[in-house]
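Notes for the one structure printed next.
The values are calculated or read from the model by the stated rules, or taken from the named source; none is laboratory data. The structure presented is a predicted model; accordingly, all values stated were derived computationally and were not measured. Glycine also receives a Cβ, built like all others from the backbone with ideal geometry; neighbour counts cover every protein chain displayed. Accessible surface areas use protein heavy atoms only, side chains included; no ligands, DNA or RNA. Shrake-Rupley method; radii C 1.70, N 1.55, O 1.52, S 1.80 Å.
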Amino acid sequence: MSPVDNGSTTPSVRTKKSTGLSTSTILLVIGASAISFLAGTLFALSFNECPTLPPPAQAAAEQAKGTPLESPETEERILVRKEMMEPLQREVPPAEPAHTAASHRKGQLFPETVRKFVTGMAHVDKAAFTEKFELGVPLDQPTKGSEDILLLYSGRKSMPTKYQRSLATNIQQLTTEEATENCLFLNMIYTHHEGQREQCTAIIPQYESFHIHKWMRLPSGKGGVDKNNPLRPVGRGLQPNGIDPFKVPIYERHTKRLWEMLRKYLDSVDDVLNELRPIVNRIKIKNTVIVMVCNHGQSELLVNFACSTHARGLDISNIIVFATDEETKELAESVGLAAYYDERNFGEITSEAAKEYGDRHFTAMMMAKVICVQLISLLGVDLLFQDVDIVWYKNPLNFFHKNEHDPIHTFDMYYQDDGSHSTRYAPYAPNSGFYYVRYNAKTRHFLTSLLMQGDLVLKTFSHQQAMTAVMAEHASLFGLRVKVLSRDENDFPGGYHYHRKNGEFLRQMFKGEVSPTIFHMSWTKNKDNKLLFLKQMGEWYLQDKCVSKKLADIGVEKDNFVSSCCSKEALVTCHYKDKPSIKPCKDSPALDQGRPSFW
């Protein structure tokens, strides 16, 4: 199934007619020339950081004579400076007299006081528009009152030629092609659309900013939104109840701890890469490796994954496991996986499983996940990262290695949809436990930047939250293209599908009505629950005698591990009647009190 489908056969165009403004998805279409935020920044830098830069004419003359420029970057800097100076060399028009609020030509939608940045408006079917201009975010399904998107035109020339006169006086429904016919620039804003929030959106004429600046009516101390409070500027993640999941890392507790980790990492990175390179070159397929991270406390999930792929006859020869202890490295190799253990960087990570999401063992493993993908990226290969609580029904690389002309090849990175479309993970809601990265300069820099901002992982106890924040900035600043594989598609289900919608997706899966590529047991408190849920789903293939044990304690040789410990058939057992199961578990207790039986 195409990853850009999103339920989106282009709908038929409705009759063009005037209508009231009913949408809250706002797009500002800039059709006139403006000084960009980047140009403004570089302009400032040109005077503060480049005082010795020769004038363009002088530099060009020196180059023509064969005189070397001051540095390899000088020629590029000359071109940048030339672009920066162009706006200053234009004649500045005389200031026009200020308009009053009443300066409003008869029949016009907007007054004269805003005519330089908004003169017309149209609306377009949301599904059709977002299919044409895909940003990769997992889109909410259109609901009544949010079926369309709204476009603002900055001038007559940016409007569709056929409607330049009528759009200045009426709001009309257009097709995507009609609406964007003359747009040389298109700025897209995603906004809240539930209709339950007293929200205002201000568009300010100014040189451009590519961030939304958020204000809320909050008290000076603790507390939530209240109309009796003044509007205050806040961080983008602040919630209406006043809770901020994006608190600043503390130097003594987070940044200094990160620096200690980075000191070890940077001192050893060249040696580590030299050790990894032959392993990666040996196992890569189509320049791609699959990366997993595991300690002994999670090893039964890793081994179960491998056993399930053996039972289904799926190829796992290009997987490399970054083991954080020797015991896990030994187990990974016994089920046919390549494994690497780096004591310099992982030696202090505990072998215990995390007791719950966000505890110190969990956070330590999150940093290990950041390091391993950055290392693989430095080796110049594509990578698929996945957690150990995943089962395959098909090899997922077949999805990402489609024909190069497939639309999926226009993105740099692809993530499973976490399902939690909250401000904390906005706008992408990526699941950091399953994602594919195409190697290029943008993705390599992204993974390096995430490592360097590891104190945010340590502060928020979340690899996923920090990754989303860095991702949003790199998408805006560098044009990093990220595609999240929507939760409304069938290929990559996870904890959202297991715990939400009364398990309806799981019912369809058990009946064979949907055929996913993988299943990810995310959204689950700890390893113990993951095991029990997988067992009653019919996704457990590891014999009890081999669970939570070191290879030496199991008493089998490496070469005999698969035949001794892996079952060829799923080992199904019931545990909770209110959780999805492949067979009725009505006699089992409920995990969540008051919940009815899944069957």
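What the table shows:
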| item | result |
| --- | --- |
| Å² per residue, accessible surface of the stretch 101-238 at 1.4 Å | 62 |
| Relative contact order (percent, whole number), the stretch 278-351, Cα cutoff 8 Å, 6+ residue spacing | 33 |
| Most to least packed among 305-314, 460-469, 581-590, 523-532 [average Cβ atoms within 10 Å] | 460-469, 305-314, 523-532, 581-590 |
| J(HN,Hα) series, the stretch 507-520, from Karplus relation 6.51 cos²θ - 1.76 cosθ + 1.60, nearest Hz, glycine and proline x | 4, 5, 5, 5, 7, x, 7, 10, 10, x, 7, 9, 9, 10 |
| Long-range amide H partners of Lys214 with built H, under 5 Å | Val234 |
| Dimensions in Å of the stretch 457-521 - Rg and Dmax from alpha carbons | 15.6, 45 |
| Distance violations [Cα-Cα > 18 Å] among Lys329/Lys558; Lys126/Lys162; Lys284/Lys550 | Lys126/Lys162; Lys284/Lys550 |
| Whole-percent carbon and sulfur share, accessible surface of the stretch 249-312, 1.4 Å | 50 |
| Full-stretch length increase - Val547, Tyr393 - with 0.36 nm per residue and alpha-carbon distance subtracted | 53.2 nm |
| Whether the stretch 173-270 is rounded, prolate or oblate, judged on the alpha carbon gyration tensor where a/c under 1.5 counts as rounded | oblate |
| Amide H within-cut-off set for Ile171, under 5 Å, with H built and near neighbours excluded | Thr19 |
| Directionally averaged projected area (convex hull, Cα atoms, the stretch 495-599), nm² | 7.7 |
| Protection proxy ranking, peptides 164-172, 123-131, average beta carbon neighbours within 10 Å, highest first | 123-131, 164-172 |
| The stretch 453-595 - percent of accessible surface contributed by carbon and sulfur, probe 1.4 Å | 44 |
| Accessible area in square angstrom per residue, the stretch 256-307, 1.4 angstrom probe | 44 |
| Mean Cβ count within 10 Å, highest first, over the residues of peptides 418-429, 291-302, 196-207 | 291-302, 418-429, 196-207 |
| Spatially proximal lysines relative to Lys535 (Cα-Cα < 17 Å; intrachain offsets below 8 disregarded) | Lys525, Lys527, Lys545, Lys568, Lys577, Lys579, Lys583, Lys586 |
| Local electrostatic count at Met537 - Lys and Arg +1, Asp and Glu -1, tallied over other residues with Cβ under 11 Å | +3 |
| Solvent-accessible area per residue, Å², over the stretch 490-599 with all protein chains present [probe radius 1.4 Å] | 51 |
| For the stretch 321-328, 3J(HN,Hα) per residue [Karplus equation, 6.51 cos²θ - 1.76 cosθ + 1.60, θ = phi - 60°, Hz, x = Gly/Pro] | 9, 7, 7, 9, 7, 5, 4, 5 |
